[in-house]
1. Would you be able to tell me the number of residues in the range 72-93 that are open to solvent by 40 Å² or more (accessible area, probe 1.4 Å) and either in a helix (DSSP H, G or I) or under 12 Å from residue 12 (Cα atoms) (or both)?
2. Return the residues of the range 44-71 that are of a type in the set (Gly, Ala, Ser) and surrounded by fewer than 17 Cβ atoms within 10 Å (Cβ to Cβ); say none if nothing qualifies.
3. Is it the case that some residue within the range 39-55 is in contact with a Ser or Thr (Cβ under 6 Å, 6 or more places away or on another chain) and of a type in the set (A, V, I, L, M, F, W, C)?
4. Take the residues of the range 15-25 that are open to solvent by less than 20 Å² (accessible area, probe 1.4 Å) and under 16 Å from the mean Cα position of the chain (by Cα): which is farthest from residue 123 (Cα to Cα)?
Amino acid sequence: TVMASPKPTIAMIRGYCIGGGTGIAVCCDMRICAEDAQFGVPAAKLGLGYSYEHIRKLVDLVGPSAAKEIFYTARRFNAEEARGMRLANRVVPADELDAAVEVEIKPYLAAAPAAVAASKALARSLGPDMSETVIDDTIRRLANTWETPEAQEGITAFFDKRKPNWVAAS
């Protein structure tokens, strides 16, 4: 799934992001949308329900009150409303969307992949349902990043005042 990816994910949204589109966008780490984007989950108008997992993802992202409004009303929300409820991270003019996503991607590409994956796993595991096993596993993953060749390269590059040369994991 999108959420299980160890790499950061960015949803680039223009136009309609309705139903399953909103579901995919919610699974991404960040959502950047054009000012003409519209979001919605029309399940209530169709007499459909959503699974616990889908509802939980939306509640975790936007909070219970906004999630209820999205699910109960089945109405469409414009980009600014979506940003106000934390469904969108950024709203940009439609003709600047591609460039805005390119700018947003650069820091992700410059970051250490293993450290980003460990942080993403930790962020994903946080929440009311955290077990001791999940907490211990996450702490161990983060601690292990200090012992990797990637960490040594990052520290050396910092002291050498140069960009790190990340080597892809095999």
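The values are calculated or read from the model by the stated rules, or taken from the named source; none is laboratory data. These figures come from a predicted structure and were not determined experimentally. In this analysis, Cβ positions are derived from the backbone assuming ideal geometry, glycine residues included, and neighbour counts consider all displayed protein chains. The protein model used for the area step is the full one, side chains on, heavy atoms only, and it has no ligands, DNA or RNA in it. Shrake-Rupley method; radii C 1.70, N 1.55, O 1.52, S 1.80 Å.
1. Final tally of qualifying residues: 8.
2. 44, 47, 49, 51, 63, 65
3. Yes - at least one qualifying residue is present in the range 39-55.
4. Only one residue tops the list, namely 17.
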